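Read the structure below first, then the notes.
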């Protein structure tokens, strides 16, 4: 059984990861974390009390964090300190933080992905082949939409799509961001050629698909050697 810690357990993503893990016989929940100053600190959540101490990482085998870029540095520091596997789905990290992820992965195994959805990660693999088959005459643009409270724009998923498409085409590809309502996450890649248009769209209807992917990554990374891994690694047969 994998001892699991979850950050941001009172947030939308963290709470769902915590709830789904609680129904999975492969996990034992040993840490429910929230940021310092949150009024819920010390309250019961299942069999655990909500904590604000990252020193609690010594209790876990794998720690899952989907919180904020502001919290990422401390998460990386403590995961490295206690030599714990990490599943990091936080987006909006700056270049220094991304470099820190790479540095920490020399000490512990880290699954780092802007999107833990299985479908999106399959899409990352498909896009280069589509570019190759369509050729250089097709123009490409990316449109992404999320809820109004999402802080980073473009989304981490859109940035990854941009990276994949740019590497495949060597073109400058525009990215358009929409922040409205309670949209969970929509990503569309538009290929436009003479007299035709192809749209590849992924729509997330629930945060469950990200939580399911995160727990799949947590099972996969448990016991792995130090290194920086992606969801493509997790999904390889």
Problem - Meets criteria (assigned to a loop (DSSP other than H, G, I, E, B) and within 23 Å of residue 89 (Cβ to Cβ)) for residue 160 - result: no
Practice task
Among residues belonging to region 80-93 that are modelled with pLDDT of 95 or more and surrounded by fewer than 23 Cβ atoms within 10 Å (Cβ to Cβ), point out the one that is nearest to residue 207 (Cα to Cα).
Solution key: 84
Handout entry: Scope region 64-73; condition touching a helix residue (DSSP H, G or I) at 6+ places or on another chain (Cβ under 6 Å) and without any contact (Cβ under 8 Å) to a residue 60 or more places away in the chain; matching residues
Key = 65, 72
Exercise for the section: Give the residue, chosen from 77, 55, 26, 73, that is within 18 Å of the chain's Cα centre (by Cα) and surrounded by fewer than 18 Cβ atoms within 10 Å (Cβ to Cβ). Expected result: 73
Practice task
Residue by residue through region 191-221, note down the ones that are within 19 Å of the chain's Cα centre (by Cα), more than 15 Å from residue 65 (Cα to Cα) and in a loop (DSSP other than H, G, I, E, B).
Solution key: 205, 206
Practice task
Residue by residue through region 94-106, note down the ones that are without any contact (Cβ under 8 Å) to a residue 40 or more places away in the chain and surrounded by 14 or more Cβ atoms within 10 Å (Cβ to Cβ).
Solution key: 97, 100, 104
Practice task
Could you check, for region 107-119, whether at least one of its residues is surrounded by 12 or more Cβ atoms within 10 Å (Cβ to Cβ), in contact with a helix residue (DSSP H, G or I) (Cβ under 7 Å, 6 or more places away or on another chain) and farther than 30 Å from residue 63 by Cβ?
Solution key: no
Problem - Criterion violated by residue 23 - all others in (1) touching a strand residue (DSSP E or B) at 6+ places or on another chain (Cβ under 7 Å); (2) over 25 Å from residue 83 (Cα atoms) satisfied - result: (1)
Fill in the blank from the handout: By residue number, the members of region 127-156 that are part of a helix (DSSP H, G or I), under 23 Å from the mean Cα position of the chain (by Cα) and at pLDDT 95 or above are 127, 128
Practice task
Go through (1) surrounded by fewer than 14 Cβ atoms within 10 Å (Cβ to Cβ); (2) in contact with a strand residue (DSSP E or B) (Cβ under 7 Å, 6 or more places away or on another chain); (3) not in a helix (DSSP H, G or I) one by one and return the number of the condition residue 172 breaks.
Solution key: (2)
Practice task
Would you point out which residue out of 204, 153, 148 is in contact (Cβ under 8 Å) with a residue 24 or more places away in the chain and either surrounded by 18 or more Cβ atoms within 10 Å (Cβ to Cβ) or in contact with a helix residue (DSSP H, G or I) (Cβ under 9 Å, 6 or more places away or on another chain) (or both)?
Solution key: 204
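One line per residue, one yes/no per condition, for (1) farther than 22 Å from residue 184 by Cα; (2) buried (at least 18 other Cβ atoms within 10 Å of the Cβ); (3) modelled with pLDDT of 95 or more:
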{"residue": "6", "(1), (2), (3)": "no, yes, yes"}
{"residue": "38", "(1), (2), (3)": "yes, no, no"}
{"residue": "47", "(1), (2), (3)": "yes, no, no"}
{"residue": "51", "(1), (2), (3)": "yes, yes, yes"}
Handout entry: Check on residue 195, surrounded by fewer than 13 Cβ atoms within 10 Å (Cβ to Cβ), under 26 Å from residue 137 (Cα atoms) and modelled with pLDDT under 95
Key = yes
Practice task
Determine, yes or no, whether residue 165 is surrounded by 15 or more Cβ atoms within 10 Å (Cβ to Cβ), at pLDDT 95 or above and under 24 Å from residue 20 (Cα atoms).
Solution key: no
Completion exercise
Reported set for region 120-135 where residues are touching a helix residue (DSSP H, G or I) at 6+ places or on another chain (Cβ under 7 Å) and within 18 Å of residue 197 (Cβ to Cβ) is 127, 131
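The values are calculated or read from the model by the stated rules, or taken from the named source; none is laboratory data. Keep in mind that what you see is a predicted model, and the values were worked out from it rather than measured. Quick reminder, even Gly has a Cβ in these numbers, built from the backbone with ideal geometry, and neighbours come from all protein chains shown.
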